[in-house]
1. Consider Gly182 carefully, then state whether it is surrounded by fewer than 24 Cβ atoms within 10 Å (Cβ to Cβ), within 27 Å of Asp384 (Cβ to Cβ) and touching a Phe, Trp or Tyr at 6+ places or on another chain (Cβ under 6 Å).
2. When you look at Tyr54, is it touching a Cys at 6+ places or on another chain (Cβ under 9 Å), among the hydroxyl-bearing types (Ser, Thr, Tyr), surrounded by 20 or more Cβ atoms within 10 Å (Cβ to Cβ) and in contact (Cβ under 8 Å) with a residue 40 or more places away in the chain, yes or no?
3. Would you confirm, using the coordinates I've provided, whether Asp164 is at pLDDT below 95, charged (D, E, K, R) and surrounded by fewer than 24 Cβ atoms within 10 Å (Cβ to Cβ)?
4. Return the pairs, sorted by first residue and then second, in which the second residue is crowded, with 23+ Cβ neighbours inside 10 Å and assigned to a helix (DSSP H, G or I), the first residue lies in segment 342-366 and is without any contact (Cβ under 8 Å) to a residue 12 or more places away in the chain, the beta carbons are less than 6 Å apart, and the residues are 6+ apart or on different chains.
5. Applying the selection to segment 189-212, what residues are over 14 Å from Tyr257 (Cβ atoms), assigned to a helix (DSSP H, G or I) and in contact with a Lys or Arg (Cβ under 8 Å, 6 or more places away or on another chain)?
6. Would you list the helices (runs of 4 or more DSSP H) that sit entirely within segment 1-105 and hold 3 or more residues that are closer than 24 Å to Thr278 by Cα?
7. Being among the small types (Gly, Ala, Ser), within 30 Å of Pro335 (Cα to Cα) and either crowded, with 21+ Cβ neighbours inside 10 Å or at pLDDT 95 or above (or both) is true for just one of Ser119, Ser158. Which residue is that?
Amino acid sequence: MSPKFRDSWYYPSDIANDLDGITKLPERLKQEAYACAWEYTRCVIPQYTNWRRYVAFMRIIIMGIIAEFRGDLVDVTAGDCILGYSLDGTLAELFEGTPGHALMAREYKAFLLVTADKSSSRRDGELFRRYVNALAISPRVWFRMRDCDALARFTMASALACNDLDDVWPTDQQFELLSEIGDTLYDAVAFYKHRSEGETNSTFAYVPLDIRIKAFRVAREVLWAMDVAYAHRPEGAPLMNFVRFFGGPIHMMMRRYRFVEEDLTVGRPETEAVVTETRSNVKLWNRVDADIHDVNTKFPSTEFPGVQRYHALLKRSHELMFPELPEFLELGGKPHCNRCLYRASYGAEKTHCFGGVALCLGCQSMWRGYVDSLPERAKEVFPDIVLKAPPGLEAEGPTAEVKEKRLKNSRSLDNGNYSFSNDNGVGHHTTDRIPRSPDGSAPLQNGDHAEVTVPAALRLMVVE
């Protein structure tokens, strides 16, 4: 499968021969990966003062790009050498002398660990099963895991390092909120790209689709308010530049996306041809197709492949995982809600759908409330920002009391725990039943917001 247009690739000579020793990648893919890393770096870190660190970041992105579509070539558990690079050496080039060196090394290794599993023969193992289960635990857990998956805080930390701001380090809550804004913006724009990939890691696979446009608008507005508040701080430009460009403009400027191929449009629904190209790694995309098991097969957790590997990885979590991830994975061992739909194997079962857990109506409502509370949460974490009511509109919407209750319920940090509750303080939505068809199957809403019948293979993992 060939792309619609033939591109000429541009990238600095510093990285031009980095993958020469990797014989399992054709030269055309190497050149495209170099160019993709250069374009991404220039977009999300447009300003820099330290070229050596800037090149190190490009190399980090090259490794990440390959992990996203050729995971069998990347095994962070096997040692320091990744695609011919010294991983620890490259991370040191980027972060040595900064307060976040050790944390960002763990962040990136966690990204490589999961991303390479997702795009390799290891995808049906225990690690990835637990990982996808954990994505649906709560909105806050989701956004922390998506933060790592998108390398959001990692790139913000890289932007500070590439501008020699070694004494600046946002709080964990600030990183978390900036990442949430960036991921909300990006995932809203990339909705159809993610569907074409059968993604498990897309915000609007979990947040109700009918608030996608509103969520983008509000997140964009909060970002502009923060941009103004931090305009005169040295860290303001590097941090806000990342969120702003990641949140949308890269879809037009980077050739990894289909803006030119789709007649200068953003957000066109995927076609069968696009899905087919995705399976062939056109644009360096990767399709995650579900492995449909026999409907009569039972899958107790002890029989999932890779259980021993999973427990061995937990023992190395201080090296290979960001601090919260081991707890998330342990919670992901079993379904977290007895009305959501879990699977034995994750990935898309057909076109126009995502590949992760399908949330029940009660959990969807809870996620909606969390996303709606972004302005209030932003004000708590960044008290210097000034959020304004739209001019000329009557005061409407929730009362202050309702807003406070919503914020209390959506805030999932409780003595360091990432948890959730509904309005009654109950963690599991036992009363939110999904309507059943006469044959016992459950209608779900897919990415087009239309009801589809869930296959029996998917119903296998429903907890009754």
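1. So Gly182 does not fit the description; no.
2. So Tyr54 fits the description; yes.
3. no
4. That search, which allows pairs on different chains as well, returns nothing.
5. Matches in segment 189-212: Thr203, Phe204, Ile211.
6. So the answer is 27-44, 51-69.
7. Selected residue: Ser119, the only one of Ser119, Ser158 that is among the small types (Gly, Ala, Ser), within 30 Å of Pro335 (Cα to Cα) and either crowded, with 21+ Cβ neighbours inside 10 Å or at pLDDT 95 or above (or both).
The values are calculated or read from the model by the stated rules, or taken from the named source; none is laboratory data. Only a predicted model underlies this, so the values are computations on that prediction, with no experimental measurement involved. Please note: Cβ atoms are built from the backbone with ideal geometry, for glycine as well, and neighbour counts cover all protein chains shown.
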